[in-house]
Number of protein chains: 2
Amino acid sequence: MKPLLLRALHGEETERRPLWIMRQAGRCLPEYRKLKETYTFEEMCADPSIACAVTMMPMERFELDAAITFADLISPASALGVEFRFDPGPIIAKPITTAKEIRALRVPSKDEIAPEVAAAQRLIKPKLKPDQALLGFAGAPFSLAAYLVEGRGKAGFPKLRAMLAEDPVVFGELMATIATLSARYLTAQHEAGCDAVQVFDSWGGLLSLRDWTAHVRPHIVNLLQELRGNGVPTIFFANDAPHLAASMAELPSDGLALCWRNDLPGLRASLGEHTGPNAETGTKALQGNLDPAILLAGPEKTRAAAKEFIARMPKRGHIFNLGHGIMPEAPLDSIAALIETLREEA
Amino acid sequence: MKPLLLRALHGEETERRPLWIMRQAGRCLPEYRKLKETYTFEEMCADPSIACAVTMMPMERFELDAAITFADLISPASALGVEFRFDPGPIIAKPITTAKEIRALRVPSKDEIAPEVAAAQRLIKPKLKPDQALLGFAGAPFSLAAYLVEGRGKAGFPKLRAMLAEDPVVFGELMATIATLSARYLTAQHEAGCDAVQVFDSWGGLLSLRDWTAHVRPHIVNLLQELRGNGVPTIFFANDAPHLAASMAELPSDGLALCWRNDLPGLRASLGEHTGPNAETGTKALQGNLDPAILLAGPEKTRAAAKEFIARMPKRGHIFNLGHGIMPEAPLDSIAALIETLREEA
């Protein structure tokens, strides 16, 4: 049996729309917070059996249609020889800033890139029901580069934008290297049991459409085409990039996930119905995009907002999700209400 | 003589396009950093003669066409009885979170709202050349509310978004109160000598077009119409809101300033030429929007990027600026190169 999420991703008619929640593994779960008293975030990511346990926590508590692997976006950077620690976000020991440093980066074979992630996935997949999908993920070139160049999370990632202004050729070489890294890393995750993978672009929206199209998009296309060639189903997620959404809808991914700022029903109307695995310019599945802040308003408001959204968003080819990661302070009864609403309505 | 910026704002043909730089007063200037060794940010904002001196610092060092008053977005909140301190951003002693607290807010008369700001402006205006404009500013309802409700700067301001989900009526009352506050505050600034005022919407782009149109835009319209009725020329600035730009272009402001993510030449083409003071649905001046990160790449890259942008952006009705506040680490020779390029080319 093909997992529900995969069927929706490929445009099949489904009995209901699948639901998963970005950042569902960890964060807002008390059992995760308890585990964090014993292990650091690094330790949990590094140990496949703990990463498996954290990935499974929301699956045991809630009826969700996909498990998303517990890992960090920065993990594959180790394979490039980049050292980092967490405090609490990733902090790079030596940020990559020169052409020489960028040209010295070597992408190893797929089995050498954060192998603990694939190891965790081999443990997770057998624990899921046949109808549940296992998702892997990696960072999009711009978003992973943002950390490598800036050295840490920083609003606007000015150093990466300055690098693009200063030397677009060197910037492009960094994008290409990370696209290769993510393609190999995600292919390994698919081989380890992931039904689909999500490419996270948290920061690409920092660029204008003009700059993004010229300097970033080609590398995303290469990454997605490589994955398509390897038979890996893909969802491309972009946060805070509504000005890029129309162009992103033409990327060679199977699905496009967008943050809550975007008009997902409007995009569906302009793309047309999703009736089958897409060609490069065809329709595709859309994922999202309830404002995660709504959950803070409690279960009744969450239920009402989810119903209202479902009423506007055609079911076929829709994967329900929040428009961004669930907030640590989201009440569990709001999550339960969301899941219940989807089970009733969709 | 009418200042150059005002003539451009009103769509007159000008000898060159005016230039000012968001956050030009303070931040990247060594004379400001030196002053900060003696005074705290609060002390500088509270003392009109110091605020005047800081406002004039960039005017003395560079040939700029407008001075922007040195003040903080949060200053007028004092008049609502809201207490705050800086560390380094504003921290509200008791965040406003309940309907009762929102309904208890009273907006005093215009001369009681941060009067130290108007006092500084009365000192600044006579120091400017006749062709230089003095700009005042205030926060847009959503952006000022973001601080009042969240209590401090926090990525995404989830509490304000949750308030909108929880009780749109109460949320609307808060928006209305702040719109009244900002209208009075800006009118007082105009009376103190400001040639135009800029309304800063740093966070409105956190909402979808649908939510923004229903719950925020009407209050911005009220604010801008009130100012128009009082004869105050206005520029509305929105950061990180390209999905709202088309609707913002129809706001009753004289100018629209947008961050670097936006395609300003494209917007000019779709709005048409700015040939006179605008009616509500008419054309308007556009301000912006070079990526401030470009300055980090040095004077030659800054010069090239400014030239390239000028070549694409019609001169009439254009006020040159960065797309966001100048970064503290922006090199002074990049600023000089930008100003020189504008003087030569525009």
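Bear in mind that the values in this text are calculations on the coordinates, not laboratory data. Predicted, not measured: the structure shown is a model, and the values here were computed from it. Cβ: placed from backbone, ideal geometry, glycine included. Neighbour counts: every protein chain shown.
Whole-Hz ³J(HN,Hα) for each residue in segment A:154-168, computed from phi via Karplus 6.51 cos²θ - 1.76 cosθ + 1.60 with θ = phi - 60°, x for glycine and proline: what do you get?
8, 3, x, 6, x, 5, 5, 5, 5, 4, 4, 5, 7, 8, x
Would you work out the charge dipole size for the protein assembly as shown about its Cα centre, treating the Cβ of every Lys and Arg as +1 and the Cβ of every Asp and Glu as -1, and quote it to the nearest 20 debye?
With Lys and Arg at +1 and Asp and Glu at -1, about 180 debye.
Counting only other chains, and only Cβ atoms inside 10 Å, what mean value do you get across the residues of B:290-303?
Counting other chains' Cβ atoms within 10 Å and averaging over B:290-303 gives 4.
Work out how far the C-alpha atoms of segment A:1-87 reach from end to end along every principal axis, then list the three figures in whole Å, largest first.
Extents along the principal axes, in whole Å: 45, 33, 20.
Just to be sure I follow the rule: in segment B:4-344, considering lysines 8 or more places apart or on different chains, how many pairs have Cα atoms under 17 Å apart?
Count of close lysine pairs: 5.
What chymotrypsin sites (Phe, Trp or Tyr not before Pro) in segment B:12-56 are in a loop by DSSP, with at most 14 other Cβ atoms within 10 Å of the Cβ?
Answer by residue number: B:Tyr39.
Using a Förster radius of 45 Å, what is the FRET efficiency between A:Glu13 and A:Lys154 based on their Cβ-Cβ separation? Nearest 0.05, please.
So, using R0 = 45 Å, E works out to roughly 0.50.
For the protein assembly as shown, build the charge dipole from Cβ charges (+1 Lys, Arg; -1 Asp, Glu) around the Cα centre, then report which of B:Ala104, A:Thr213, A:Leu290 sits farthest towards its positive end.
Projecting each Cα onto the dipole axis, the largest value belongs to A:Thr213.
Could you check the spin-label model distance between B:Ala104 and A:Thr40? Points 7 Å from the Cα along Cα→Cβ, value in nm.
For the pair B:Ala104/A:Thr40, the computed spacing is 4.5 nm.
Averaged over peptide A:201-207, how many Cβ atoms belonging to another chain are found within 10 Å of each residue's Cβ?
Per residue, the average neighbour count from other chains is 2.
Of the beta bridges DSSP finds with both residues in the protein assembly as shown, what % are antiparallel, to the nearest 5?
Roughly 15 percent of the beta bridges in the protein assembly as shown run antiparallel, per DSSP.
Determine the distance separating the Cα centre of segment A:288-346 from the Cα centre of segment A:15-91; give it in Å without decimals.
Centre-to-centre distance over Cα atoms comes out at 21 Å.
Shortest first, in nm, what separates the label point of B:Gly153 from those of the same position in the other copies (7 Å along Cα→Cβ)?
In nanometres, ordered from closest: 1.5.
Select from A:Ile310, A:Tyr39, A:Thr180 the residue farthest towards the positive end of the dipole of the protein assembly as shown; place +1 on Cβ of Lys and Arg, -1 on Cβ of Asp and Glu, and compute about the Cα centre.
Going by the Cα projections, it comes out as A:Ile310.
What are the residues whose amide H is under 5 Å from the amide H of A:Asp291, where those residues sit 5 or more places off or on another chain and H is modelled from the backbone?
Correct list: A:Gly323.
Give the average, rounded to an integer, of partner chain Cβ atoms located within 10 angstrom of each Cβ in B:152-159.
Partner-chain Cβ atoms within 10 Å, mean over residues of B:152-159: 3.
Show me, for segment B:5-20, the HN-Hα J-couplings you get by feeding each phi into the Karplus relation (A = 6.51, B = -1.76, C = 1.60, θ = phi - 60°), rounded to Hz, glycine and proline as x.
4, 5, 5, 5, 4, 8, x, 6, 5, 10, 5, 7, 8, x, 9, 9
Which value in Å does the Kirkwood hydrodynamic radius of segment A:4-344 take, with 1/r averaged over all unlike C-alpha pairs and then inverted?
About 20.0 Å for segment A:4-344.
Out of A:Phe200, A:Phe320, A:Phe309, any idea which swings most in a Gaussian network model of chain A, alpha carbons joined below 10 Å?
A:Phe309
Could you list which residues have their amide H under 5 Å from that of A:Phe84, counting only those 5 or more apart in sequence or on another chain, with H placed in the peptide plane?
Long-range HN contacts for A:Phe84: A:Ala93.
Among DSSP bridges having both ends in chain B, what percentage is antiparallel? Round to the nearest 5.
Looking only at bridges with both residues in chain B, the antiparallel portion is about 15 percent.
Which whole-number percentage describes the relative contact order of chain A, with Cα contacts under 8 Å and a sequence gap of 6 or more?
Value for chain A: 22 percent.
Between A:Glu329 and B:Arg343, how many nm apart are label points set 7 Å from Cα along the C-beta direction?
5.0 nm
Among A:Ser253, A:Ser182, A:Ser109, which one shows the biggest mean-square fluctuation in a GNM of chain A, springs joining Cα atoms closer than 10 Å?
Most flexible of the set in this elastic network: A:Ser109.
How charged is the neighbourhood of B:Leu181? Take every other residue with its Cβ under 14 Å from the Cβ of B:Leu181, and add Lys/Arg as +1 and Asp/Glu as -1.
Once all neighbours under 14 Å are counted, the net charge is -1.
Net charge within 13 Å of B:Gly325 by Cβ-Cβ distance, Lys/Arg positive one each and Asp/Glu negative one each, not counting B:Gly325 itself?
Residues close to B:Gly325 contribute a combined charge of -2.
Quick one: which residues, 5+ away or cross-chain, put their amide H under 5 Å from the amide H of B:Ala67? H built at 1.01 Å from N.
Hits under the 5 Å cutoff: B:Ala133, B:Leu134, B:Leu135.
What is the magnitude of the charge dipole of segment A:4-344 about its Cα centre, with +1 placed on the Cβ of each Lys and Arg, -1 on the Cβ of each Asp and Glu, and no other charges, expressed in debye to the nearest 20?
Dipole of segment A:4-344, to the nearest 20 debye: 220 debye.
Identify, among A:His274, A:Ala165, A:Pro3, the residue whose Cα sits farthest towards the positive end of the charge dipole of chain A, taking +1 on the Cβ of Lys and Arg and -1 on the Cβ of Asp and Glu, with the dipole about the Cα centre.
After comparing all options, I get A:Ala165.
Rank-order A:117-126, A:97-106 by packing density, defined as the average count of other C-beta atoms within 10 Å over each peptide's residues, highest first.
Answer by packing, highest mean first, reads A:117-126, A:97-106.
Using the Karplus curve 6.51 cos²θ - 1.76 cosθ + 1.60 with θ = phi - 60°, what ³J(HN,Hα) values do you get for each residue of segment B:306-314, in whole Hz, with x for Gly and Pro?
Values per residue, Gly and Pro as x: 5, 4, 4, 5, 4, 5, 8, 10, x Hz.
Nearest 20 debye, what's the magnitude of the dipole of segment A:61-111 about its Cα centre given +1 on Lys and Arg Cβ and -1 on Asp and Glu Cβ?
Here the size comes out at about 380 debye.
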